[in-house]
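Input: a single structure, listed below in structure tokens.
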């Protein structure tokens, strides 16, 4: 019998997306979190550490859990806890290999499984949005849609700012963008970035613009909403960003090569095109002159 991976089916994605919109129905078990007398199993987090020989485990941490509370809310953990359920195996911890970043997110996920809400520190305006993105990804990995929905709502209520929008527009894995709520987060973030820097004349020489990452610059170069006198102004200021960001000529040429497909060469005058192609950054065999 061939088993189909339903997580890749459009119907499965739609069902998961609907689940993100549902409020989690939880009893508040947070008072029993990590209370050994109320725990029947344990999870051992093995922290993966990158070495020259590849990832190795270090700094393990064992977390006592109540298997009913955890299994009721995570399909993946339910399967892990029910595998090999012989009496002799019940005392053995379930081993979960995670990175250092995932360890923090995993412990936050356990808090959610018990409390039905995010920990107070994640609701603070000063929290790095990357922590919320990491928790969103982990919620998907362990199939806790109510956690994902809660994280999406938490991010949506944050005050918009370029650092957050940069992360949301460039660091959410593509595989998670199949979910409409998550895709909306990324799309709104991209729109915020473009809106902020659409005025090329007024913003593309600012300190804030010069500090933007290559990924954000690529988003801007792909946008149709840019307001400039002409394409020449866009390319001039783009080269200014590249020269301000990268010292080595080889690095500048590499970035030009990455961004060249987004330059509208057909909109440049012959004189401007000749001048740009003669700059040191453009003197690369890999540079294309067609969009």
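The values are calculated or read from the model by the stated rules, or taken from the named source; none is laboratory data. Being a predicted model, the structure only gives us computed values, none of them experimental. Reconstructed Cβ throughout: ideal geometry from the backbone, glycine too, with neighbour counts over all protein chains shown.
Laid out as a table, the results:
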| item | result |
| --- | --- |
| Test result for residue 122, surrounded by 21 or more Cβ atoms within 10 Å (Cβ to Cβ) and modelled with pLDDT of 95 or more | no |
| Identity of the residue in the range 206-229, more than 27 Å from the chain's Cα centre (by Cα) and surrounded by fewer than 14 Cβ atoms within 10 Å (Cβ to Cβ), that ends up nearest to residue 163 (Cα to Cα) | 227 |
| Among residues of the range 172-200, those that are in contact with a helix residue (DSSP H, G or I) (Cβ under 6 Å, 6 or more places away or on another chain) and assigned to a loop (DSSP other than H, G, I, E, B), counted | 3 |
| Residues of the range 70-79 satisfying the condition of being without any contact (Cβ under 8 Å) to a residue 60 or more places away in the chain and crowded, with 19+ Cβ neighbours inside 10 Å | 70, 71 |
| Hey, residue 150 outside the structural domain of residue 79 (by TED's automatic domain parsing) and surrounded by fewer than 20 Cβ atoms within 10 Å (Cβ to Cβ) or not | no |
| Members of the range 206-225 found to be under 17 Å from residue 246 (Cα atoms) and assigned to a helix (DSSP H, G or I), listed by number | 207, 208, 209, 210, 214, 215, 216, 217, 218 |
